[in-house]
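Here the structure comes first, spelled out in structure tokens, and everything after it is commentary.
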Amino acid sequence: MKKTVTAMPKTEPAEPAEAAPAVASPTEAVAVVPPPTPEQLEELRNRAAKADEYWDRLLRTTADLENFKKRAARERLEAGQSATFTLLQRLLPVLDHLEMAQSAAQTTSAPTANIESLQAGIALIQQQLKSILAETGLEEIDASGKPFDPMLHEAVSQMETADAPEGRVVQQLRKGYKLRDRLLRPAAVVVAKKPAEKPA
């Protein structure tokens, strides 16, 4: 007698069911923070007091720095004004002497009378002015006959000449001046240039 085998139908494997989210218990959901101890409270108070102290120091230091800047700027201004005041005081007699010389030149009866005396007086005034300016640090730049220096001289023109080497100052048109190591005005000069060769 033959046995009949019946094929079982294929079934898809069942998908695993999603795990339900774990529900925290009331005791796990909220962490209980213990109250600070008296020692901790005291430490917090000390830190807050130090923070206030440091903040006050910072404010005072900032204010002191601003006051120092203002005081330094005021002292620089006053020093500059004082130096200018002193210089003007010393220049006033020179101005007086120039006015006296001008008055003498205008009131002279004859054009040639006392001309030598007037010239001597003007020379003395010039020397007085130079002396005052030299004491303040003013220094003349004498460029005549010296090699051209672009740091001290201003070339106004060139002159072809065989009497001086090329690049030598042959004429000073206007004096230059320095205030100690600082250039106030370059000397205006004429510089020697090698003569052009004549065609054969």
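Before moving on, here are some points about what is shown:
- Only one entry of R174, R76 meets the criterion of being surrounded by 11 or more Cβ atoms within 10 Å (Cβ to Cβ) and basic (K, R), and that entry is R174.
- Against the list (1) out of contact with any Phe, Trp or Tyr (no Cβ under 9 Å at 6 or more places or on another chain); (2) of a type outside the set (S, T, Y); (3) assigned to a strand (DSSP E or B), the condition A155 fails is (1).
- Being polar (S, T, N, Q) and at positive phi is a condition met by no residue of the stretch 157-176.
- Screening the candidates D52, D64, D96 for the property of being modelled with pLDDT under 85, in a helix (DSSP H, G or I) and charged (D, E, K, R) yields one hit, D96.
The values are calculated or read from the model by the stated rules, or taken from the named source; none is laboratory data. None of the values given here were measured: they were computed from a predicted structure. Backbone-built Cβ (ideal geometry, glycine too); neighbour counts: all protein chains shown.
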